[in-house]
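Working notes for the structure below.
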Amino acid sequence: MSELVLFKNRGKRRHISLDEYRADGGYAGLEKAVKTMTPAEVTKAVLDSGLKGRGGAGFPAGRKWGGVPADSPHPRYVVCNADEMEPGTFKDRIIINADPHLLIEGMILSAYSIGGDKGVIFIRPSYEMEAELLTIEIEEARAANLLGNNILGTDFSFDIIVHRSGGRYICGESGSQQRAIMGVRPNPIETGYRSAVRGLWDRPTIVNNVETLSNVPGIIRNGVEWFKGLSAVVGGDGNKLYPVSGMVANPDCFELPCGVTLRQIIFEHAGGMLPGKTFKAALPGGTSTTFMPEHLLDIPMDFDTLKKHNLRLGTGAVIVFDKDTCLVAATLNMMHYFARESCGWCTPCRDGLPLVLDLLERIESGTGTPEDVATLRRTVEAMEYANCAFAPGAAAPVLGLLDYFMDEVMEHITSKACPFGSHAALPWSGDSSAVITTWPGAPEGSCPGARPRPKPRRIVSCPI
Ligand SMILES: Cc1cc2nc3c(=O)[nH]c(=O)nc-3n(C[C@H](O)[C@H](O)[C@H](O)COP(=O)(O)O)c2cc1C
Ligand code: SF4
């Protein structure tokens, strides 16, 4: 059993209090940093640790923090991305519920590194319990002089607020997220923009994922070599959280050495396939990654190795499909989500995704043609030219379907029906006799799944 760091306090059916956290060495990293290290030394430790961002892109955290110019103006912001709307991903929520101070300490250390003044935890609205828990624990930390003015008696001051998202997937993208916090339309900002220089209210801003930040206290307290040594592969960075869902016997979120293989995750930790089911493919990091078929099961699941194989680790959320599942129908399902969540800013995504949806619908219903398949490929390939990473992410499972499961796609066309009989079971199949579930009291003809949303809070100036 490898050492647990992020999930050390999981499974107690309650979160760890500030006192318990401190009794177990919590905030020792912060004390060490603010009393014995310079901000540049903290940045260097995070850089040397090789810690890569766990939000999906795998960008080195130390490099991001080092990108804030020393002479840049204040206030400087640290944003914690707790949006977690990538389908299949449920790791950040567990950290917050088990060990909220791990995240809070990580944010304070990040702020110390960049000379940050204000912190924002941006959290999805369905995580209301977690938002309330964080608010209470932030208050506890403030009362203990771990947040607020003159932290631990030094001249370093920093505070955190919790900001609820309006609830769209695109608000997880860092540029959109900053616009959402500022109360303007949350579309991604044009490429070439560096928020470490000009982010929230034109001030330096660092955005990091919950899991990324929660790794920082251990790095500062125990050192770079300890962190590197946790990994299963040379050059790997610590442990990684792998949430697993789909057709496995034991779906759960596992903290494992970074770089274990997909086979180990599925067949050792998640208990293998459900009885009577055979493995067909898995998405390695949420629905914005490509299908990995059986022959790729032994590739180490870390950012660098997957990249070498032209794959992406994404959030590390493994979604497992069995041989009885139609991957055309499964991909169509994902495209409904992506088409609905596009922010509509650029053409390849706004107009491409409805076309992808239409083409997949035709193929799945048995009315598709070989030309539709060619158009499908051209359309998803064009998504590389979109303005943000949303569209290439949406394209990933479609490309995996076409690259590895073309036989299955063509079978729909030659037999003029779904070989799995999936189509009739889908609520959007156009079968008027299908039972479509909407929310109670919904107007007739409402879109299934769409629910009235709380009005987003609009903040027009910095609240802290
Ligand atoms: C459409 C889209 C949604 C995203 N959603 C999230 C999210 O929910 N949480 C997250 O941490 N990063 C998300 N990201 C990645 C962020 O843009 C950003 O890279 C990340 O928060 C940076 O933190 P990290 O370096 O610690 O990974 C998303 C990116 C895209 C394109
Ligand atoms: S790729 Fe999609 S989500 Fe991103 S800017 Fe373009 S339309 Fe918006």
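FYI, it's all coordinate maths here, none of it is from the lab. These figures come from a predicted structure and were not determined experimentally. Methodologically, a virtual Cβ is constructed for each residue, glycine included, from the backbone with ideal geometry; neighbour enumeration extends over all protein chains shown.
Want the number for Arg340 to Trp201: 0.36 nm per residue separation, take away the alpha-carbon distance, what's left?
So the chain would gain 47.1 nm between Arg340 and Trp201.
Search the structure for amide H atoms under 5 Å from the amide H of Val120, placed 1.01 Å from N in the peptide plane, and list their residues when 5 or more places away or on another chain.
Val78, Val79, Cys80, Ile161
As a test of the formula, what do you get for the chain when each DSSP H run with n ≥ 4 contributes -39,500 (n - 2.57) and the sum is divided by the residue count, at 222 nm and rounded to the nearest 500 deg cm²/dmol?
The helix-only estimate for the chain comes to -11000 deg cm²/dmol at 222 nm.
Can you tell me, using C-alpha contacts under 8 Å and at least 6 residues apart, the relative contact order of segment 239-322 as a whole percent?
That works out to 36 percent.
Quick check on my link table: of Lys35/Lys118; Lys118/Lys308; Lys8/Lys32; Lys228/Lys323; Lys8/Lys64; Lys91/Lys280, which ones sit more than 32 Å apart, alpha carbon to alpha carbon?
Listed pairs above 32 Å: Lys118/Lys308; Lys228/Lys323.
Can you give me the Kirkwood hydrodynamic radius for the chain, using every pair of distinct Cα atoms, in Å to one decimal?
Over the chain, the inverse of the mean reciprocal pair distance is 23.1 Å.
Under 19 Å from a point 7 Å along the Cα-to-Cβ line of Asp324: which residues of segment 279-300 have their amide N that close?
Counting only backbone N, you get 279-282.
Under the classification rounded if a/c is under 1.5, otherwise prolate if a/b is larger than b/c and oblate if not, where does segment 1-95 fall, given a ≥ b ≥ c as square roots of the Cα gyration tensor eigenvalues?
oblate
Note down the Stokes-Einstein diffusion coefficient of segment 18-230 in µm²/s, whole number, using a Kirkwood radius over alpha carbon pairs, 4 °C, and 1.567 mPa s.
Roughly 76 µm²/s, to the nearest whole number.
Charges only on Cβ, +1 for Lys and Arg, -1 for Asp and Glu: so what's the dipole of segment 238-370 about the Cα centre, in debye to the nearest 20?
Using Cβ point charges on Lys, Arg, Asp and Glu, segment 238-370 gives about 160 debye.
Per residue of segment 390-406, in order, report the coupling 6.51 cos²θ - 1.76 cosθ + 1.60 (Karplus, θ = phi - 60°) as ³J(HN,Hα) in whole Hz, putting x for Gly and Pro.
4, 5, x, x, 5, 6, 4, x, 5, 5, x, 4, 6, 6, 10, 10, 4
Which ³J(HN,Hα) values in Hz, rounded to whole numbers, follow from the phi angles of segment 7-22 under the Karplus curve 6.51 cos²θ - 1.76 cosθ + 1.60, where θ = phi - 60° and Gly and Pro get x?
Working through the residues one at a time gives 10, 4, 9, 7, x, 8, 6, 7, 7, 7, 6, 4, 4, 5, 4, 5 Hz.
Quick one: dipole size for the chain, taken about the Cα centre, charges +1 on Lys/Arg Cβ and -1 on Asp/Glu Cβ, in debye to the nearest 20.
My answer is approximately 860 debye.
Lys/Arg Cβ at +1, Asp/Glu Cβ at -1, dipole of segment 327-425 taken about the Cα centre: which of Met410, Pro370, Ser422 is farthest positive-ward?
Ser422
Toward the positive end of the charge dipole of segment 47-91, about the Cα centre and with charges on Cβ (Lys, Arg +1; Asp, Glu -1), which of Leu51, Gly88, Pro73 goes farthest?
Farthest along the dipole direction, towards plus: Leu51.
Suppose each label sits 7 Å from its Cα in the direction of the beta carbon; what would the Met410-Arg13 distance come out to in nanometres?
Between Met410 and Arg13, the label points sit 5.6 nm apart.
Rounded to the nearest 0.05, what FRET efficiency do Asp71 and Lys32 have when you use their Cβ-Cβ distance and R0 = 22 Å?
Calculated transfer efficiency: 0.25.
Over the Cα atoms of segment 165-244, Rg to Rh with Kirkwood Rh, two decimal places?
Taking Rg over the Kirkwood Rh, I get 1.09.
Return the distance in nm (one decimal) between the two label points of a simple spin-label model at Asn145 and Glu132, each offset 7 Å from Cα along Cα→Cβ.
So the two model labels end up 3.2 nm from each other.
Under a 5 Å amide H to amide H cut-off, with H placed in plane at 1.01 Å, what residues pair with Cys253 once short-range neighbours are removed?
Val244
How high is the relative contact order of the chain, in percent, with contacts defined as C-alpha pairs under 8 Å that are six or more residues apart?
Averaging sequence separation for qualifying contacts and normalising by length gives 15 percent for the chain.
Skipping prolines and chain starts, which residues have an amide H placed within reach, meaning under 5 Å, of the one on Met273, given they are 5 or more residues away or on another chain?
Under 5 Å from the amide H of Met273: Ala249.
Per residue of segment 270-277, what does 6.51 cos²θ - 1.76 cosθ + 1.60 with θ = phi - 60° give for ³J(HN,Hα)? Whole Hz please, x for Gly and Pro, Karplus curve as stated.
8, x, x, 6, 4, x, x, 9
Which one of Ile206, Gly238, Cys343 has its Cα pushed farthest toward the positive end of the charge dipole of the chain, where Lys and Arg give +1 and Asp and Glu give -1 at the Cβ?
Farthest towards the positive pole: Ile206.
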